Every structure is written in C-alpha cells, then in structure tokens.
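Please treat every number below as a calculation from the coordinates, not as lab data. Nothing here was measured: the structure is a model prediction, and the numbers come from that model. No Cβ is skipped: glycine too gets one built from the backbone with ideal geometry, and neighbour counts run over all protein chains shown.
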Amino acid sequence: MIVVTGATGGLGGATVEHLLARIPADRIGVSVRDTAKARHFADRGVRVRQGSYEDPAALRDSFAGAEQVLVVSGNDPSADMVGLHRNAIEAAVAAGARRIVYTSQQGAVPGNPYRPSDIHIATEALLDDSEVAWTALRNGAYGPLDQVLGPWQRTGVIARPGDGPVPYTDRADIAEATAIILAGDRSFDGPVTLTAPSAVTLDDLAEIASDLTGRPVERVVLDDEQWVAEQLTTGVPEQIARLMLTWYQAARAGCFAEADPLLAELLGRSPRSATDRLAAHLAA
C-alpha cells in the first residue's frame, strides 16, 4: 500500500489521481485532516483515514499497512514545520513503512537564503537518521506564475525585486512524476531534483509575455525594501513579504539556476515550460 498525506491539497490530490491510473485503488491510502473532503477518493475504493501532523497517534493509524508513505511538506510559516515533519516520519517508521517519500524543494542546501530551505534541509536530515529508505523530491518552484509575475496583464509591467534563473515547473508534471516514482520499480535513494527543462529569469518571462500577447511587457527591478513596502500597502503581512523576499534573493544568488533532466526522463516527454504555461493561461 502507498499512503499519501495532504491528499485534499493540490499536489497530493493530483498525485493520487495519477496513482489511480497506475495501480489498483485498494493499494492506495490517504491521510487527511477532513475525511469528508476525500469522499471522492473513498467512492473509488481508496482507503481514507483521518490524520494530521499534529496528531501522531492518528498518523500511525492512517499509515498502518503502508509500504510507502508520501509526506507532503507543510507550508505554515508560523508552525514548527520541522517538528511536524518529524511526527510524520516517526509515525511512518512506527507503522512499518519501508520507504518515505518527502516533497522537498530545489536548492535545499546550506547557504540558500530562502527560509523554507532550512525546513527542508532539517527534514532531510531527519529522514537520513530514520533508518528507513527515503527519497526527497527536490521540486522546482511550481506555484502559479501569476504569483511570481504579479498583475502584469493589467499593468504591462513585471515589477519585482532582482531575480535569477529559475526552472518554473508545472505542478501537474510534478504530481505525475511523483506517482511514477511511488508506483514504479525503480528506487531513488536520497534527494532527487525534479524541474522544468530550462531556467528563465523575469526578464525572459517579460519577453515571452510580450511575444505571446503582441504588446510590450516591461520588466522593472524594484529595490528589495521598496518591494516589501509595496507588499505591505496591499495588505500582505510583513512576515510573509520578507519571507518571499528571500526567494528572490535566493534566485539571484543562483540557488535555483540548474534545471534537471530527471523529470523529463520520468514522464517520457518534455515537461511543460514557462512559455507553455503562460500560453495556456492566456488561452484560458
């Protein structure tokens, strides 16, 4: 059995859908906070159990019988995410899982200024100490491009801090590759990196957006503090704005610059590029 956490979220839910296309439903379990939200999986034969990282006993029950557990990383900046991930790892070990697969982040290495990197580094260390086989999926940035670019369609301007090359990756491709790894016969030990085929900068994306729309889209580089101040005026809490600023700082330090071919190898096709994603967004 493969048990997936966070199965009512975007990445976890899409991973379960891809697993259903590859293995029988009775070999799939999900561990979710609210079982009612996973009824669509239960109706298709997936085992649904309540479990949250805050409740180790419930986690152990939800992981019972699992050969593999997919631990989807949390993203609450106010929570002790390393401690919560520790709960999930210990519950998987206690339940007898033979492998833990964890959704990490590209560039999760010491020195990366992006603050969540520290959480992933610490969690990977916990996995390494767990005495269970583990895989850390160091996924490329897969959030919506509008979060990265801002209201460029309205303003004609991409106004963001200085950045660097990033292989912006499609979440759907990540979910499919995750299911392939979980359901396949090939073992991946330790960290592996899953990214789009090429890294691009915001200057590149402005040029791509200009070509796709047929109108000029300008890239404006904002001073870090100016950008934080502008975020505050739109209602973004300062803690969140400064956390996101570290992402731009990491990008311009080259922490996300390297694209990796593994995602394409797993999918058997070229992953969607930033150009593909922008074109699809505009078409929609």
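The mean sequence distance of close C-alpha pairs (under 8 Å, at least 6 residues apart), as a share of the length of the chain, puts its relative contact order at 17 percent. When Cα Rg over 2.2 N^0.38 Å is computed from the coordinates, the matching label among (1) 1.10; (2) 1.03; (3) 1.31 is (2). Net charge of the neighbourhood of residue 272, taken over other residues with C-beta under 9 Å away and scored Lys/Arg +1, Asp/Glu -1, is -2. Over all other residues within a Cβ to Cβ distance under 10 Å of residue 159, the charged ones net out to 0, with Lys and Arg as +1 and Asp and Glu as -1.
For the stretch 51-195, a crude dipole built from +1 on the beta carbon of Lys and Arg and -1 on the beta carbon of Asp and Glu, taken about the Cα centre, is about 380 debye to the nearest 20. Placing +1 on each Lys and Arg Cβ and -1 on each Asp and Glu Cβ, with no other charges, gives the chain a dipole about its Cα centre of roughly 840 debye.
Considering only DSSP beta bridges with both partners in the chain, what is the antiparallel share in %, to the nearest 5? That works out to approximately 5 percent antiparallel. With the helix formula -39500 (n - 2.57) applied to DSSP H stretches of n ≥ 4, the chain reaches a computed 222 nm mean residue ellipticity of -12500 deg cm²/dmol. Considering the options 197, 181, 220, tell which one lies farthest towards the positive end of the dipole of the stretch 156-224, charges being +1 on Lys and Arg and -1 on Asp and Glu at the Cβ, about the Cα centre. Farthest towards the positive end: 181.
In this Cβ point-charge picture (+1 for Lys and Arg, -1 for Asp and Glu), the stretch 1-134 has a dipole of about 520 debye about its Cα centre. Near residue 168: Cβ cut-off under 12 Å, other residues only, Lys/Arg at +1 and Asp/Glu at -1. The net charge is -3.
With a ≥ b ≥ c the root eigenvalues of the C-alpha gyration tensor of the stretch 189-248, is it rounded (a/c under 1.5), prolate (a/b larger than b/c) or oblate? Cα axes put the stretch 189-248 in the oblate bin.
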